[in-house]
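Colleague: The structure is given below, and queries will be raised subsequently.
The values are calculated or read from the model by the stated rules, or taken from the named source; none is laboratory data. Since this is a predicted model, take the numbers as computed values, not measurements. Cβ sites come from the backbone with ideal geometry, for glycine too, and all protein chains shown count toward neighbours. The area values use the complete protein model at the heavy-atom level, side chains included, leaving out ligands, DNA and RNA. Shrake-Rupley method; radii C 1.70, N 1.55, O 1.52, S 1.80 Å.
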Amino acid sequence: MNYEVQPATTLQGKIDLPADKSISHRSAMFAALHNGRSAITNFSEAADPHSTLDCLRRLGITIEEPGDNTVIVEGKGRDGLQTPSKDLDCGNSGTTMRLLSGIIAGSGVSARLTGDESLSARTMKRIIDPLTEMGAIIEAREADYAPLNINREGPVKPLYFPLPIASAQLKSCVLLAGLFGEDPTEVIETLPSRDHTERLLGLSIEEMDNKKVISASREDVIPEQSYRVPNDFSAAAFWLVAGAIHQDAEITLPAVGLNPTRTGALEILKQMDADITVANQQREGAEPIGDITIRSSSLKPVEITEEVVPNCIDEIPILAIAMLFTDGVSRISGAEELRHKETDRLHALAEMLEAAGADFEEFNDGLEIKGHTGFTPKPAVFDSYHDHRIAMSAAVLASMADDPSEIRDGECTAISYPGFWDDLQVLTN
Ligand code: S3P
């Protein structure tokens, strides 16, 4: 369905963001592997983390949802998973498929993992290769793509694994399989990506020569996962940019996750001179949180280079929108990984910028964007490509136009942010 976006003259208010998607997935998976009950509060209502809950139920885990976004998981310990009688449907969720594959491969249950059209078009080679080295037997469509049939014969073989891609999904997948091995599996990380898996499992990390060695084995006790999931920084990013580029804006976002491996976009927006304040910084379980306020800003151009890409990978589409409203040339490079997300996000962005009449160039690994402080996008029918982050970026862009625009298949925002359209209304009224 097409969603209409009206030009916004003001953006004011306080928004209770959805819960963090990455942490919600992990809290449920790790609670299932813990020996005993976990009560997770503020669990994400979005579609992706619910794909994870459905898969865990099929693996024999009892999960209750008594209401108020609380999820009670009766963990059966790392050897308690059952071979499912039906496929594990991961929906649109790459995190579900990649992390669960690590757990399935490690645990030795046999399962078939499926996904929707978008997920079935995303390469799984990056996880198939290391899991196969660890002893898993994986059959995939055309060798690389879901559905994945996963089995294992014999014990988990420990792996020494320098990460070939800065991907938290890949890192987590290998560590989760490693949790089932007698000897430690070691993952070597040179470019930091989100570290929720390491934090929530309390894995051992050795830092040396600008790299981290993270290890996991059967010796690691899987802790209870009873905590409040922080609000999602990746959802916050849409309002941080919307607030910065609008003339009459002040938006407050309470209790947002501020894990430094996630907040690259906050640092980038600060470099762009965005008027951002962070208050009430505290800890929520293993994760830092705080309240963020953004006000109308005069933004400067910026460069996003390879080293910081993993810390703002999901925020690059909305940061590209911010770049349009600066006086000068901004660049994004080393971001080829965006071509392997829910859609090819560099291509989707290029189409969006073209439709809006922006001055830009697309490269294989990024974009160069020539901004103007007074830029007014052309109203258009923007294609979401069924990608939640592309839809929300287009909505923020369209709110700066002089006439209404439409976002094609705007309901896909529910993948990570079910209340997005309502919150946009709340801020503009
Ligand atoms: C995620 C990691 C990122 C991110 C995705 C969620 C996670 O993917 O894009 O939305 O929860 O681990 P990669 O680590 O593959 O880049």
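Colleague: For the stretch 49-93, rounded, prolate or oblate, judged on the Cα gyration tensor with a ≥ b ≥ c (square roots of eigenvalues), a/c < 1.5 rounded, else prolate if a/b > b/c?
Modeller: Oblate, since a/c reaches 1.5 and b/c is not below a/b.
Colleague: Expected output is a single nm value to one decimal: the length gained when fully extending between residue 307 and residue 327, i.e. 0.36 nm times separation in residues minus the C-alpha distance. What is it?
Modeller: Fully extending the segment from residue 307 to residue 327 adds 4.7 nm.
Colleague: Which of the three applies to the stretch 21-215, rounded, prolate or oblate, going by the alpha-carbon gyration tensor with a ≥ b ≥ c and a/c under 1.5 meaning rounded?
Modeller: rounded
Colleague: Name the residues whose placed amide hydrogens come within less than 5 Å of the amide hydrogen of residue 250, ignoring near sequence neighbours (fewer than 5 apart) on the same chain.
Modeller: Result for residue 250 returns 11, 12, 13.
Colleague: Still on this structure, please answer the following. Hey, if you put +1 on the Cβ of every Lys and Arg and -1 on every Asp and Glu Cβ in the chain, which of 319, 42, 428 ends up farthest toward the positive end of that dipole?
Modeller: The one lying farthest along the dipole's positive direction is 42.
Colleague: Considering only protein heavy atoms and a probe of 1.4 Å, how much of the accessible area of the stretch 5-138 is carbon and sulfur, as a whole percent?
Modeller: That share works out to 43 percent.
Colleague: For the stretch 60-124, run through the trypsin sites (Lys or Arg not before Pro) and keep only the ones in DSSP coil with at most 12 other Cβ atoms within 10 Å of their Cβ.
Modeller: 86
Colleague: Tell me, rounded to the nearest percent, the portion of alpha carbon pairs in the chain spaced more than 31 Å apart.
Modeller: Result for the distance tail: 37 percent.
Colleague: Not counting ligands, DNA or RNA, and with a 1.4 Å probe, what is residue 370's accessible surface area in Å² rounded to the nearest 10?
Modeller: 100 Å²
Colleague: Provide the gained length on full extension for the span residue 87 to residue 62, in nm with one decimal, where the gain is 0.36 nm per separating residue minus the Cα-Cα distance.
Modeller: 7.3 nm
Colleague: If one computes the Cα centroid of the stretch 75-90 and of the stretch 300-328, what distance in Å separates the two points?
Modeller: Value for the Cα centre distance between the two parts: 40 Å.
Colleague: What dipole magnitude, in Debye to the nearest 20, does the chain give about its Cα centre under +1 on Lys/Arg Cβ and -1 on Asp/Glu Cβ?
Modeller: Value, rounded to 20: 960 debye.
Colleague: Say R0 is 41 Å: what FRET efficiency, to the nearest 0.05, do residue 267 and residue 137 get from their beta-carbon distance?
Modeller: E(calc), rounded to 0.05, equals 0.45.
Colleague: Now for a different question. List the residues, sorted by chain then number, that are 5 or more residues from residue 284 or on another chain and whose placed amide H is less than 5 Å from its amide H.
Modeller: Amide H neighbours of residue 284: 289.
Colleague: Ok, one more. Rounded if a/c is under 1.5, else prolate if a/b beats b/c, else oblate: with a ≥ b ≥ c from the C-alpha gyration tensor eigenvalues square-rooted, which is the stretch 105-170?
Modeller: Cα axes put the stretch 105-170 in the oblate bin.
Colleague: So how strong a dipole does the stretch 21-215 carry about its Cα centre when Lys and Arg Cβ are +1 and Asp and Glu Cβ are -1, to the nearest 20 debye?
Modeller: 80 debye
Colleague: Can you list the residues, at least 5 places off or on another chain, whose amide H is less than 5 Å from the amide H of residue 88, using H built in the peptide plane?
Modeller: The list, which skips near neighbours in sequence, is 112, 113, 114.
Colleague: Do any of 171/341; 171/300; 21/341; 14/370; 171/211; 125/341 go past 24 Å between their Cα atoms, and which?
Modeller: 171/300; 14/370
Colleague: If packing is taken as the average count of other Cβ atoms within 10 Å, what order do 388-397, 302-311 fall into, highest mean first?
Modeller: 388-397, 302-311
Colleague: Ignoring everything except DSSP H segments at least 4 long, calculate the 222 nm mean residue ellipticity for the chain; use -39,500 (n - 2.57) per segment, divide by total residues, nearest 500.
Modeller: For the chain, the value works out to -9000 deg cm²/dmol.
Colleague: I would also like to ask the following. For a Förster distance of 35 Å, can you work out the FRET efficiency between the beta-carbons of residue 339 and residue 149, rounded to the nearest 0.05?
Modeller: 0.85
Colleague: On to the next question. On a full-extension model of 0.36 nm per residue, what is the gain between residue 209 and residue 281, subtracting their alpha-carbon distance, rounded to one decimal in nm?
Modeller: Answer, rounded to one decimal: 22.9 nm.
Colleague: If you don't mind, there's one more thing I want to ask. How about residue 76: which aspartates and glutamates have a C-alpha closer than 17 Å to its C-alpha, ignoring those fewer than 8 places off in the same chain?
Modeller: Straight-distance partners of residue 76: 54, 64, 219, 220, 224.
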